[in-house]
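The values are calculated or read from the model by the stated rules, or taken from the named source; none is laboratory data. Keep in mind that what you see is a predicted model, and the values were worked out from it rather than measured. Cβ atoms come from the backbone with ideal geometry, glycine included; neighbour counts cover every protein chain shown. Accessible surface areas use protein heavy atoms only, side chains included; no ligands, DNA or RNA. Shrake-Rupley method; radii C 1.70, N 1.55, O 1.52, S 1.80 Å.
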Amino acid sequence: MEIESKFLDQLARARRVCVLTGAGISAESGVPTFRGGGQSAVWKGMPFDEISSARMVRENLGEVWEWFDYRLGILKDCRPNAGHFALAEIAQRFSDFTLVTQNIDGFHCEAGSRDVIELHGNIQRARCVDCEKRFEIAGIVPHWPEECDECGAKLRPDVVLFGEMLPEGAFEIAVEAARRCDLFLVVGTSALVYPAAGLAAIARSAGAVVVEINPEETALSDVCDFAIREKSGVALPMLASVLNVE
Ligand code: BV8
Ligand code: ZN
């Protein structure tokens, strides 16, 4: 895999790094992506942004839980891959490194990354619809019709669905990191979901070098300074080894 030497110089010179990841970084772990035709893109004929929506939580929470339990079942046999571990290693090389993910699989934390900003929540947690108490639910399925042990109200996935606000403060911290970084890496995202996809343009307008790691072109490709058309499970360990040589 050929990585432009100009990019490698930028990487070596970078002091403040911000990384945004999407479903593509977990593809090599066996987790289906959403828009790459992965089987998780449709549920009983409902497109992804319909079953994973605020409206469905209001109208048919049981169906939402069936969909999330199905995905939790897939995740049970999946583990972080070399790309997740490489990012945790790369983070050690920079005093100012922020990892922002759209993913809900928790694989960055499992691979050793610290202070991960999970913009869309985490599938391994449930939340009470009333008092918002959180519950770790890894490995326990099914979750429906579980109720909150504090107030008796229903539980829902602690995940941001379409039409819902992002977790309090999460996006603001991500914007701050995008504004201050000098290198912004976008890994494994089709960059179609907002506000997460807007972070690259924020970084660029603040003067950062923007690099995309994705085997395919995306909606962001034109605002990127460099593109590494490679799987993240190959590209990120390469970057980690280049940095270790420094
Ligand atoms: C919001 C959790 C303010 C759920 C997700 C109408 C009403 C309300 C809002 C909207 C609206 N119309 C539009 C919006 C905004 C909406 C939005 O952006 N919609 C899009 C579809 C147009 N956004 C929202 O609703 C957000 N909230 O706006 O709040 C608000 C509130 C109320 C009213 C108005 C406004 C909330 C968005 C969060 C939704 N939740 N996930 C769940 O998982 O069930 S988003 C979902 O998409 C996932 O989190 C995923 O991460 C994210 C983005 O997808 P990607 O990660 O990019 O994955 P994808 O499959 O698309 O692409 C994979 C990429 O990887 C590809 O490029 C592929 O080439 C690459 N790849 C494949 N293999 C590899 C690889 N790359 C590297 N290596 C490999 N091996
Ligand atoms: Zn409660």
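Between Ala54 and Arg13, what's the calculated FRET efficiency when r is the beta-carbon distance and R0 is 45 Å? Round to 0.05.
Here the calculated transfer efficiency is 0.55.
For a quick check: with amide H placed at 1.01 Å from N, whose amide H comes under 5 Å from Gln124's, ignoring anything fewer than 5 positions away on the same chain?
Hits under the 5 Å cutoff: none.
Would you mind giving the average projected area, over all directions, of the Cα convex hull of the chain in nm² with one decimal?
With the hull built on Cα positions only, its mean projection is 12.8 nm².
Any idea how far apart Val42 and Tyr70 come out in nm if each label point goes 7 Å out from Cα toward Cβ?
About 1.1 nm, to one decimal.
Kirkwood Rh over Cα pairs of the stretch 14-93 into Stokes-Einstein at 10 °C, 1.306 mPa s: D in µm²/s?
Value of D from the Cα-based Kirkwood radius: 109 µm²/s.
Please report, ordered by residue number, every helix of the chain (full DSSP H runs) that is 20 Å or longer along its axis going by C-alpha atoms and whose mean Kyte-Doolittle hydropathy reaches -1.0.
Counting only whole DSSP H runs, the qualifying helices are 61-76.
How many nm is it between the label spots at Glu110 and Arg79, if each spot is 7 Å from the Cα in line with the beta carbon?
Result for the modelled spin labels: 1.0 nm.
For Phe68, Phe135, what's the largest-to-smallest order of accessible area, 1.4 Å probe?
Highest to lowest solvent-accessible surface, that is Phe135, Phe68.
Rg to Rh for the stretch 116-236: what is it, with Cα atoms only and Rh by Kirkwood?
Ratio of gyration radius to Kirkwood radius: 1.08.
Report ³J(HN,Hα) in whole Hz for each residue of the stretch 202-209, in order, from the Karplus equation J = 6.51 cos²θ - 1.76 cosθ + 1.60 where θ = phi - 60°; Gly and Pro get x.
Coupling constants for the stretch 202-209: 5, 4, 5, 5, 8, x, 6, 7 Hz.
Set the Förster distance to 22 Å, then compute FRET efficiency between Val223 and Ser5 from the Cβ-Cβ distance, nearest 0.05.
It comes to 0.50.
What does the convex hull of the alpha-carbon atoms of the stretch 119-184 project to on average, in nm²?
5.9
Between Phe97 and residues 5 or more places away or on another chain, which pairs have amide H atoms under 5 Å apart, with H built 1.01 Å from N, and which residues are they?
Val17
Tell me, what is the per residue accessible area of the chain in Å², probe radius 1.4 Å?
Each residue of the chain exposes 46 Å² on average to a 1.4 Å probe.
Under the 0.36 nm per residue contour assumption, what length would be gained going from the current alpha-carbon distance of Ala206 and Ser241 to full extension?
9.8 nm
How much of the DSSP bridge set in the stretch 23-177 is antiparallel, in percent, rounded to the nearest 5?
75
How far apart, in nm, are two points set 7 Å out from the Cα along the Cα-to-Cβ line at Arg134 and at Glu63?
So the two model labels end up 2.9 nm from each other.
Only sites in a loop by DSSP and with at most 10 other Cβ atoms within 10 Å count here; which GluC sites (Glu not before Pro) in the stretch 1-106 make the cut?
Counting only loop positions with at most 10 other Cβ atoms within 10 Å, the GluC sites (Glu not before Pro) in the stretch 1-106 are Glu2.
Taking each pair of different alpha-carbon atoms in the stretch 1-145 once, compute 1/r for the pair, average those values, and report the inverse of that mean as the Kirkwood hydrodynamic radius in Å to one decimal.
17.0
Roughly how much of Lys44 is accessible, in Å² to the nearest 10, using a 1.4 Å probe?
Accessible area of Lys44: about 130 Å².
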